[in-house]
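Each remark here refers to the structure printed beneath this line.
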Amino acid sequence: MKTTTVLYTLIALLALSACENPIAFKTIVHEDGSLDKTIVLEKAKKDNAGQNYFGINEQSGWTVAVTEADSGKDDHKYRIAFSKHFKSVNDVNSELDLPVDTAFQIHSTFEKKFRWFYTYIHYTETIRPINRFSLTPVENFFNQEDFAFIDRLPGEGTAISKADSVYLEVLNEKISDRFVKMAMFDEANDMIKTVIAKNNIDKRWLDTLDRNKELIYRMIDDPKSDNNLPGQIADTLGIPINRDQALKDFETLSKKFESRLNFMSYAYDGGKYINEIHLPWEIINTNADSVVQNVAVWKPLATKFALREYTMYAACRQMNLWAVLVSIGIGVLTLWLFIRKR
């Protein structure tokens, strides 16, 4: 029976699962380096309170508040707010910057420096790339001009020129149509090689697969391909393999790949982000989209961190009054000694 391949099911999943997933972050940074973190899923399923793409819940010490959201649709959506106090950025990173393929990875830094008249605090939050395709080099598809354009993109809702709008549209097409499609082909090809290698065949057949890569790509791209794609490829190339066992192995590997694909689709296609960082003193330097006294706000497009890290930083300072008084006292004392000597 001819059916859609597992790969085509995953491609359809990537195309159809996009929906609006507003996510709000808020961090209150204290002078001693402790932090109060809040993460809000504005339109989420109720079970996201226990299982989500941040790996946080009540069991891990977060306070969770669930209220029904006005989604404007028949399906019920909820506003789920997670909050927790951390003693340091190390404690934050131990929860939010784990090397997990199916979760956001956010790294924070805190630096406090004393410079006599002023004390400075420099705080950063870096969203690591949501790209989970490890077999396809990003640099094969994107150049420095692309990354320079991404770096200067303003926040969500800010108007850009017509030329930049066209460039952004082309860039998104390059990401979704070229890079993602080739990455999925590379993943499928690797799964097929893994399945065939697992069935204890001679290693020379892996060389046969490499020599016929274009043929394999055409078979993967054909919606009329047999559901047992590894078996079909093995038959075409004359590779001795058990078709039933190959199908089971391929389905197992596809489920793992589907988990990564679900995360990427959620984070890139549907994510709308806003991040607030509250520093203890007035901000003097930041790359935020807007600033009001000691609060910096970012509204990054998912494109910002789709392919490489995106760092949001803010710095503030406070005058050391005691240092000013000591300096004035030293100056007065020096002047008095000078006058007395004269």
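The length gained on full extension between E31 and A197, counted as 0.36 nm times the residue separation minus their Cα-Cα distance, comes to 54.1 nm. Amide H to amide H distances under 5 Å link Y118 with N320, where only residues 5 or more positions off or on other chains count and H is placed in the peptide plane. Distance distribution P(r), region 125-180, all Cα-Cα pairs, bin width 10 angstrom from 0: 18, 52, 27, 3 percent. For the chain, the equivalent ellipsoid built from the Cα gyration tensor has semi-axes of 52, 23, 20 Å, listed from largest to smallest. Kirkwood hydrodynamic radius computed over region 37-103 comes to 12.8 Å, based on all pairs of distinct alpha carbons. Pull out the extension gain between D207 and K181, defined as 0.36 nm times the separation in residues minus the alpha carbon to alpha carbon distance; nm, one decimal. That pair, D207 and K181, stretches by 7.0 nm at full extension. According to the calculation over all Cα-Cα pairs in region 99-150, the P(r) per 10 Å bin from zero is 17, 30, 29, 16, 7, 0 %. Across region 178-303, Cα pairs under 8 Å and at least six residues apart give a relative contact order of 18 percent.
Extension gain for R128 to K113 (0.36 nm times residue separation, less C-alpha to C-alpha distance): 2.8 nm. For the chain, the longest principal axis of the Cα atoms and the long axis of helix 180-198 meet at an angle of about 60 degrees.
Contact order for the chain, expressed relative to its length and based on alpha carbon pairs under 8 Å spaced 6+ residues apart, stands at 25 percent.
Let a ≥ b ≥ c be the square roots of the eigenvalues of the Cα gyration tensor of region 209-322; is it rounded (a/c under 1.5), or, if not, prolate (a/b larger than b/c) or oblate? Judged from the Cα gyration tensor, region 209-322 comes out prolate (a/c at least 1.5, a/b above b/c).
Taking other residues whose beta carbon is less than 12 angstrom from the beta carbon of A288, and scoring Lys, Arg as +1 and Asp, Glu as -1, yields -2. Modelled this way, with points 7 Å down the Cα-to-C-beta line, the labels at E156 and R308 are 2.4 nm from one another. Sequence-distant contacts, meaning Cα pairs under 8 Å at least 6 residues apart, place the relative contact order of region 21-100 at 33 percent.
No value in this document is a laboratory result; all are computed from the given coordinates. Treat the numbers as computed from the prediction; the structure is a model and nothing was measured. Cβ sites come from the backbone with ideal geometry, for glycine too, and all protein chains shown count toward neighbours.
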